[in-house]
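Participant: There's a structure below that I have some questions on.
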Amino acid sequence: MEKKVLLALSDVVAGYAAPVVGPLGFELQAGQVIGLGGSNGSGKSTLLRAITGLSKVFSGTIQRAEGLTIVHQWQRPELPPELALLGSELYALLGADPAGAPDVLCPLMKQPLSTMSGGQFQLLQTMAALCSPAQVVLMDEPTNNLDGDAMDALSEQLKHIGPDRAVILVSHEHDFLQSHCATIIEVNR
Amino acid sequence: MSEWLLFDPMFRVPFLTGLALALALSLVGAWLRMRNEWLAALGLSQIAAAGAMAAVWLHGPALLGAFIAAAIAMLARTTLPRIGNNHYALMILIGWSATLMIGSMMDHGNVAGETFLRGQLYFASTQHLVTALILLTVVAVTYRWLSPRLLTARFFPDYHQANRIPVWPYRTCFALIVITAVVIGTTTMGAFPAFAMLFVPSWVGFVIVDGWQRSVIASMLVGTAAYLIAFVVAMLLDQPFGPMLTIVLVLAGTLRFFTARRRRIKTIAVDDLHPY
């Protein structure tokens, strides 16, 4: 049986004031993890933002399955220096259930963001996106600042995304992409 | 004599206006701090003061002038692709200079300018009280709807766009709340005291307790307690209310130093348990 297409990009050229990336096209099917590789500044993050509607699509089309839900984990999320929001409160923002959070997050759930390290905050944001009910998860350099245990937890979660969901994974770590993605697309300017 | 003034019916409207504003402004301040936009409050309050001055110069209602000026500044803010502290600093400079320039063109302009910068709570009218109560009601009613949307936009900035959820309802609601809070705060408490009420309570509240709801409640308690102390002390000592409120809020800021140690100890303990 053919899998459901969640996203279809066709000859997309995207950017801001001027085009940054493209033309590029691919289909994202349910159950798939697609990797986007390429050098710094090649436009991988811009392509993710074109999918969410934050960057401009100059030409080409982005088709979405009806009622598609998307969550986007940003590269280098800013850790607020003084915000008493708890890990569990951030985790629940996207609809993930803190009670069912992976074990690696348990120590962070009752901890305020302001006392977290950059790596802990990155792990929390990444897991919140992956464990949310969104059908498509866009992950931008999720391995930044993560140590070995956190990388293992992320890998485990990526292996169990479910048959109805899909992930687009941006990373400059080629080994990480190769071990998690059925398809890797090289993005070049 | 001052003790008796505390219970004078003449001061009931100013007292209740200030109390409603203390609760509302400290909560709005928590939202602004969470969005890292607390400097916007000072920029808008200075612009509102200039608008109020312009309205008085044109023989119009000060409240309306302040609202129009703040709304124009807020609208200009939304048209800029990236807004930051540089723009808010420009707002402060424009508002301050415009207030004093307009004042120099008026009879008793210095007094009027000083009033909007320093505050005139004791002269708050029923119109001010009604506006403050409407603001407090709107803030209380929309809190549970607005907070998760603002928090989601803070940590996942394109979540709403990505899911085709219209952003204009919550953005417009938030903008109107901020404008109204700043305008009514500026025209009653004064530009700097209103800014202090938006800035200090959450500065303290965000470090003395953990958790979003609790830190918002803590911010409101700090703001309200500071207001009550300032109102009573200003009356008893025959001092102007605006500067007294600002001083009390600044003193409340010292509560941070008592909690900073607790936070440091906690951070060390957490790091020991989870060295990564």
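The values are calculated or read from the model by the stated rules, or taken from the named source; none is laboratory data. Only a predicted model underlies this, so the values are computations on that prediction, with no experimental measurement involved. With ideal geometry, Cβ positions are generated from the backbone for all residues, glycine too; neighbour counts draw on all protein chains shown. When the accessible area is computed, the model is the full protein with side chains, heavy atoms only, and any ligands, DNA or RNA have been set aside. Shrake-Rupley method; radii C 1.70, N 1.55, O 1.52, S 1.80 Å.
Participant: Please determine, by comparing only the residues of the stretch A:96-114 that are of a type in the set (A, V, I, L, M, F, W, C) and in a loop (DSSP other than H, G, I, E, B), which one is nearest to the other protein chains (Cβ to nearest Cβ). Steps first, answer last, please.
Facilitator: Within the stretch A:96-114, the subset of a type in the set (A, V, I, L, M, F, W, C) is A:96, A:99, A:101, A:104-106, A:108-109, A:113.
Checking which are in a loop (DSSP other than H, G, I, E, B) leaves us with A:96, A:101.
Numbers: A:A96: 12, A:A101: 15 Å.
Once the filter is applied, the top-ranked residue is A:A96.
Participant: Against the definition (open to solvent by 10 Å² or more (accessible area, probe 1.4 Å) and within 10 Å of chain B (Cβ to nearest Cβ)), how does A:S88 come out, yes or no? It would help to see each step written out before you state the result.
Facilitator: Values: open to solvent by 10 Å² or more (accessible area, probe 1.4 Å): yes; within 10 Å of chain B (Cβ to nearest Cβ): yes.
It is true that A:S88 is open to solvent by 10 Å² or more (accessible area, probe 1.4 Å) and within 10 Å of chain B (Cβ to nearest Cβ).
Participant: All but one of (1) of a type in the set (S, T, N, Q); (2) under 30 Å from A:L9 (Cα atoms); (3) within 11 Å of chain B (Cβ to nearest Cβ); (4) free of Cβ contacts under 8 Å to residues at least 40 places away in the same chain hold for A:S155; state the number of the condition that does not hold.
Facilitator: The one condition A:S155 does not meet is (3).
Participant: Within the stretch B:83-116, count every residue that is of a type in the set (F, W, Y) and modelled with pLDDT of 85 or more. It would help to see each step written out before you state the result.
Facilitator: So in the stretch B:83-116, the residues of a type in the set (F, W, Y) come out as B:88, B:96, B:116.
Subset that is modelled with pLDDT of 85 or more: B:88, B:96.
Residues that pass the stated criteria total 2.
Participant: Is it the case that some residue within the stretch B:166-186 is in contact with a helix residue (DSSP H, G or I) (Cβ under 6 Å, 6 or more places away or on another chain), open to solvent by 10 Å² or more (accessible area, probe 1.4 Å) and within 11 Å of another protein chain (Cβ to nearest Cβ)?
Facilitator: For the stretch B:166-186, residues in contact with a helix residue (DSSP H, G or I) (Cβ under 6 Å, 6 or more places away or on another chain), open to solvent by 10 Å² or more (accessible area, probe 1.4 Å) and within 11 Å of another protein chain (Cβ to nearest Cβ): present.
Participant: Just to be sure I understand, how many residues within the stretch A:72-85 are in contact (Cβ under 8 Å) with a residue 40 or more places away in the chain and either facing another protein chain (nearest Cβ under 7 Å) or part of a loop (DSSP other than H, G, I, E, B) (or both)?
Facilitator: So the first thing to find is which residues in the stretch A:72-85 are in contact (Cβ under 8 Å) with a residue 40 or more places away in the chain, and the list is A:72-77, A:79.
Those still in the list that are either facing another protein chain (nearest Cβ under 7 Å) or part of a loop (DSSP other than H, G, I, E, B) (or both) too: A:72, A:74-77, A:79.
Of the residues in the stretch A:72-85, 6 are in contact (Cβ under 8 Å) with a residue 40 or more places away in the chain and either facing another protein chain (nearest Cβ under 7 Å) or part of a loop (DSSP other than H, G, I, E, B) (or both).
Participant: Now, a different point. Restricting attention to the stretch B:124-136, does a residue exist that is among the aliphatic types (A, V, I, L, M), over 30 Å from B:V233 (Cα atoms) and in contact with a helix residue (DSSP H, G or I) (Cβ under 9 Å, 6 or more places away or on another chain)?
Facilitator: Applying the first criterion (among the aliphatic types (A, V, I, L, M)) to the stretch B:124-136 yields B:124, B:129-130, B:132-136.
If we keep only those that are over 30 Å from B:V233 (Cα atoms) as well, we get none.
No, the stretch B:124-136 contains no residue that is among the aliphatic types (A, V, I, L, M), over 30 Å from B:V233 (Cα atoms) and in contact with a helix residue (DSSP H, G or I) (Cβ under 9 Å, 6 or more places away or on another chain).
Participant: Please work out which one of (1) over 23 Å from B:M244 (Cα atoms); (2) in contact (Cβ under 8 Å) with a residue 12 or more places away in the chain; (3) open to solvent by 10 Å² or more (accessible area, probe 1.4 Å) is the condition B:L100 fails and give its number.
Facilitator: (1) is the only condition that B:L100 fails.
Participant: Could you tell me which of the residues B:I208, B:I217 is within 14 Å of another protein chain (Cβ to nearest Cβ), of a type outside the set (K, R), closer than 30 Å to A:L108 by Cβ and free of Cβ contacts under 8 Å to residues at least 40 places away in the same chain? Even if it seems obvious, please write down each step before you answer.
Facilitator: On the way: B:I208 fails: free of Cβ contacts under 8 Å to residues at least 40 places away in the same chain.
Being within 14 Å of another protein chain (Cβ to nearest Cβ), of a type outside the set (K, R), closer than 30 Å to A:L108 by Cβ and free of Cβ contacts under 8 Å to residues at least 40 places away in the same chain holds for just one of B:I208, B:I217, which is B:I217.
Participant: One residue is enough: does the stretch A:174-186 have a residue meeting the conditions within 12 Å of chain B (Cβ to nearest Cβ), open to solvent by 20 Å² or more (accessible area, probe 1.4 Å) and either touching a residue at least 40 places away in the same chain (Cβ under 8 Å) or part of a helix (DSSP H, G or I) (or both)? Talk me through it step by step, then tell me what you get.
Facilitator: Kept after step one, since they are within 12 Å of chain B (Cβ to nearest Cβ), are these residues of the stretch A:174-186: none.
No - not one qualifying residue is present in the stretch A:174-186.
Participant: Now a separate question. Which residue out of A:L124, A:L93, A:L48, A:L138 is within 11 Å of another protein chain (Cβ to nearest Cβ), closer than 21 Å to B:G211 by Cα and open to solvent by less than 10 Å² (accessible area, probe 1.4 Å)? Spell out how you get there, then give the answer.
Facilitator: Details: A:L93 fails: open to solvent by less than 10 Å² (accessible area, probe 1.4 Å); A:L48 fails: closer than 21 Å to B:G211 by Cα; A:L138 fails: closer than 21 Å to B:G211 by Cα.
A:L124 is the lone residue from the list that is within 11 Å of another protein chain (Cβ to nearest Cβ), closer than 21 Å to B:G211 by Cα and open to solvent by less than 10 Å² (accessible area, probe 1.4 Å).
Participant: Right, something else. Which residue out of A:A50, A:A84 is farther than 22 Å from A:P163 by Cβ and more than 18 Å from the chain's Cα centre (by Cα)?
Facilitator: On the way: A:A50 fails: more than 18 Å from the chain's Cα centre (by Cα).
That would be A:A84, the only listed residue that is farther than 22 Å from A:P163 by Cβ and more than 18 Å from the chain's Cα centre (by Cα).
Participant: Quick test of your reading of the structure: B:F123 fulfils all but one of (1) in contact (Cβ under 8 Å) with a residue 12 or more places away in the chain; (2) loosely packed, with under 14 Cβ neighbours inside 10 Å; (3) within 14 Å of chain A (Cβ to nearest Cβ). Name the failing condition by number.
Facilitator: Checking B:F123 against (1) in contact (Cβ under 8 Å) with a residue 12 or more places away in the chain; (2) loosely packed, with under 14 Cβ neighbours inside 10 Å; (3) within 14 Å of chain A (Cβ to nearest Cβ), the one that fails is (3).
Participant: Moving to a separate point now. Within the stretch B:134-165, track down each residue that is of a type in the set (G, A, S) and more than 14 Å from chain A (Cβ to nearest Cβ). Spell out the reasoning first.
Facilitator: Kept after step one, since they are of a type in the set (G, A, S), are these residues of the stretch B:134-165: B:140, B:147, B:153, B:162.
Result: B:A140, single match.
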